[in-house]
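Presented below is the structure to which this report refers.
Computed from the coordinates by the stated procedures, all read-outs in this text should not be read as laboratory data. The structure presented is a predicted model; accordingly, all values stated were derived computationally and were not measured. Please note: Cβ atoms are built from the backbone with ideal geometry, for glycine as well, and neighbour counts cover all protein chains shown.
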Amino acid sequence: MTKELLNYLSLITIGISGISIAVGLIFIKLKKKEIHKFFMINASVFALIFVLLYIIKSFLYPPQPYVGPYRKIFLFILWTHTVLAIINFPLAVITLRYAFKGLFERHKKIAPITAFVWLYVAITGWLIYYFLQWLNK
Ligand code: HEM
């Protein structure tokens, strides 16, 4: 698999995952619980595919350095993205577990944090790609 193909697949999967979270949030606000469930599971499946692609990419290719302008902004985005992506995993597991066990009071407490972190990771994932492709020297 070429690096370009892996990059595109990564963008598509993290994009679908982030959009699914946003759509899932809209549906729970509309009290459509089953549709909310569908989109949140969809978001989780695509996030897992993204992680898989990320692991394959880091085995096959060295990390691409960033040498463009706005280096400080880039590093801020990269670090917060990485740290929150790691935190997102246990958050997602706990949020899903509460939901599947029917513990919706607990689910409702942690879920907004999970959703925020998830969206941040997805959006900054796209930004990092944008920096590396278009603002790099
Ligand atoms: C990681 C994935 C998920 C996230 C980020 C998430 C996020 C949320 C959020 C933000 C709320 C609204 C809280 C509020 O407005 O007070 C909510 C409520 C809810 N979620 Fe999820 N959710 C996820 C997965 C699921 C799953 C898999 C199910 C079903 C098995 C589910 C079932 C529900 C239900 C039934 C409510 C409404 C609870 C109530 O109002 O009593 N969620 N979720």
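Taking the condition under 27 Å from N7 (Cβ atoms), near the ligand (Cβ under 9 Å from one of its atoms) and in a helix (DSSP H, G or I), does L132 pass?
For L132, the condition - under 27 Å from N7 (Cβ atoms), near the ligand (Cβ under 9 Å from one of its atoms) and in a helix (DSSP H, G or I) - is not met.
If you check T124, T114, which single one turns out to be of a type in the set (V, I, T), surrounded by 13 or more Cβ atoms within 10 Å (Cβ to Cβ) and near the ligand (Cβ under 10 Å from one of its atoms)?
Checking each option against the conditions leaves just T114.
Cβ-Cβ distance below 7 Å, separation of 6 or more or different chains: which pairs start in segment 102-125 with a residue that is free of Cβ contacts under 8 Å to residues at least 60 places away in the same chain and end on one that is within 6 Å of the ligand (Cβ to nearest atom)?
Here the result reads H107/T95; H107/A99; I110/T95; A111/T95; T114/A92; T114/T95, each pair linking segment 102-125 to a residue that is within 6 Å of the ligand (Cβ to nearest atom).
Please determine whether any residue of segment 68-85 is within 11 Å of the ligand (Cβ to nearest atom) and either more than 21 Å from L11 (Cβ to Cβ) or part of a helix (DSSP H, G or I) (or both).
No: segment 68-85 contains no residue that is within 11 Å of the ligand (Cβ to nearest atom) and either more than 21 Å from L11 (Cβ to Cβ) or part of a helix (DSSP H, G or I) (or both).
Here's a check for you: in segment 1-25, which residue that is more than 16 Å from A122 (Cβ to Cβ) and in contact (Cβ under 8 Å) with a residue 24 or more places away in the chain is nearest to the ligand (Cβ to nearest atom)?
Looking at the filtered set, the residue picked out is L6.
Go through segment 92-111 and give me each residue that's more than 8 Å from the ligand (Cβ to nearest atom) and either charged (D, E, K, R) or closer than 21 Å to Y54 by Cα (or both).
Scanning segment 92-111 gives V93, R97, K101, R106, K109.
From (1) aromatic (F, W, Y); (2) touching an Asp or Glu at 6+ places or on another chain (Cβ under 9 Å); (3) in contact (Cβ under 8 Å) with a residue 24 or more places away in the chain, pick out the condition that doesn't hold for Y98.
Only one criterion is unmet by Y98, namely (3).
Just to verify a result, which residue in segment 26-52, among those that are touching a residue at least 12 places away in the same chain (Cβ under 8 Å), within 11 Å of the ligand (Cβ to nearest atom) and buried (at least 17 other Cβ atoms within 10 Å of the Cβ), is nearest to I128 (Cα to Cα)?
Checking each candidate, the answer is A47.
Across segment 53-93, what is the number of residues that are buried (at least 16 other Cβ atoms within 10 Å of the Cβ) and over 18 Å from A122 (Cα atoms)?
The qualifying residues number 1.
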